[in-house]
Amino acid sequence: MREPCKALLIDLDGVLRYFSIERLAAVEERHGLRAGALPEIAFHHSLLNPVVEGEITHAEWELLTAEALHTLAWPTPENGPDDRLARARAAVADWQSDHGEVDKVVLEFVREVRAAGLPVALCTNATDRLDADLAELGLAGQFDHVVNSSALKLRKPDKAYFVEASAVVGVPPKQCLFVDDNDRIINGSRVAGMASFRFTGHSDLDYLRVALGLPKAG
């Protein structure tokens, strides 16, 4: 039987933080955009990879997203001034004003793990706005370590990211439990030698407790 893991490395978006699909739809409708236009452009690898690898700032990413959006979202006006770029910038700013919502059940699990004396690292592909997001969400100080891809200049699922993350925590990869909601990222962590689990919801938490040597809830 495998020995319990000695550290928890946990993803942010899709595990501990969620964004409202309804709010995104409302923003796009408010700005006259087709459904899904904002994430489709903003999260294209040509824009997303540079910002989560720290090559550009979050503010620059927003501007580049607006520049890409304005020519695709609306036709060139036949008469009058071309205000598409201003409209695109307003839409992106409106969308990005949302910092998401914390899953309180998962947050309580994180606190439980830390209370048991095990280190917890937040491991996320994020921009240089991460610290502000954590503060806004009340998550600042809730982790022993924060491993932000944009600060590290490495992103998941790069094996080097996980090797560095385990070094930050001070626990060998094989003794780390990594939790994420993305299969491709989970595969990358396994290549690095970590015990890895694809998160699907609260029903997974008791399994994670056992993997960390903690008692099941209740």
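A few notes on this one:
- Of all the listed residues (ASP94, ASP103, ASP11), the sole one being of a type outside the set (Gly, Ala, Ser), in contact with an Asp or Glu (Cβ under 6 Å, 6 or more places away or on another chain) and open to solvent by less than 50 Å² (accessible area, probe 1.4 Å) is ASP11.
- Of the residues in the range 107-116, none is open to solvent by less than 40 Å² (accessible area, probe 1.4 Å) and either modelled with pLDDT under 95 or of a type in the set (Asp, Glu) (or both).
- Residue selection: PRO157 satisfies the criterion of being in contact with a Lys or Arg (Cβ under 6 Å, 6 or more places away or on another chain) and without any contact (Cβ under 8 Å) to a residue 40 or more places away in the chain.
- Within the range 192-218, being over 17 Å from LYS6 (Cα atoms), open to solvent by 30 Å² or more (accessible area, probe 1.4 Å) and outside any helix (DSSP H, G or I) holds for ARG198, THR200, ALA217, GLY218.
- Residue check for ALA88: surrounded by 17 or more Cβ atoms within 10 Å (Cβ to Cβ), of a type in the set (Gly, Ala, Ser) and not in a helix (DSSP H, G or I): no
- Filter result (open to solvent by 50 Å² or more (accessible area, probe 1.4 Å) and assigned to a helix (DSSP H, G or I)) within the range 58-84: ALA59, GLU60, LEU63, LEU64, GLU67, THR71, LEU72
- Residue within the range 136-155 that is farther than 16 Å from LEU122 by Cβ and open to solvent by 40 Å² or more (accessible area, probe 1.4 Å) present: yes
- Restricting the first member to the range 1-28 and to residues that are within 20 Å of VAL106 (Cβ to Cβ), and the second to residues that are among the aromatic types (Phe, Trp, Tyr) and assigned to a loop (DSSP other than H, G, I, E, B), the beta-carbon pairs closer than 7 Å and six or more apart or on different chains are VAL15/PHE199.
Results for (1) open to solvent by less than 50 Å² (accessible area, probe 1.4 Å); (2) within 15 Å of the chain's Cα centre (by Cα); (3) at positive phi, shown as yes or no for each residue.
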site: LYS159; (1), (2), (3): no, no, no
site: VAL163; (1), (2), (3): no, no, no
site: SER166; (1), (2), (3): yes, no, no
site: GLY170; (1), (2), (3): no, no, yes
site: PRO173; (1), (2), (3): yes, no, no
site: LEU177; (1), (2), (3): yes, no, no
site: ASP181; (1), (2), (3): no, yes, no
site: ILE185; (1), (2), (3): yes, yes, no
site: ARG190; (1), (2), (3): no, no, no
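- For first residues located in the range 73-101 and under 17 Å from ILE41 (Cβ atoms), partners that are part of a loop (DSSP other than H, G, I, E, B) and lie 6+ apart or on another chain with Cβ distances below 6 Å form the pairs ALA73/LEU33; ARG84/TRP74; ALA91/HIS31.
- Neighbours by Cβ (under 6 Å, 6+ apart or cross-chain): first from the range 177-199, more than 17 Å from ALA121 (Cβ to Cβ); second open to solvent by less than 20 Å² (accessible area, probe 1.4 Å) and of a type outside the set (Gly, Ala, Ser): ARG198/ILE186
The values are calculated or read from the model by the stated rules, or taken from the named source; none is laboratory data. This one's a predicted model, so the numbers in the text were calculated from it and none came from an experiment. With ideal geometry, Cβ positions are generated from the backbone for all residues, glycine too; neighbour counts draw on all protein chains shown. Please note that ligands, DNA and RNA were not included when accessible areas were found on the heavy atoms of the full protein model with its side chains. Shrake-Rupley method; radii C 1.70, N 1.55, O 1.52, S 1.80 Å.
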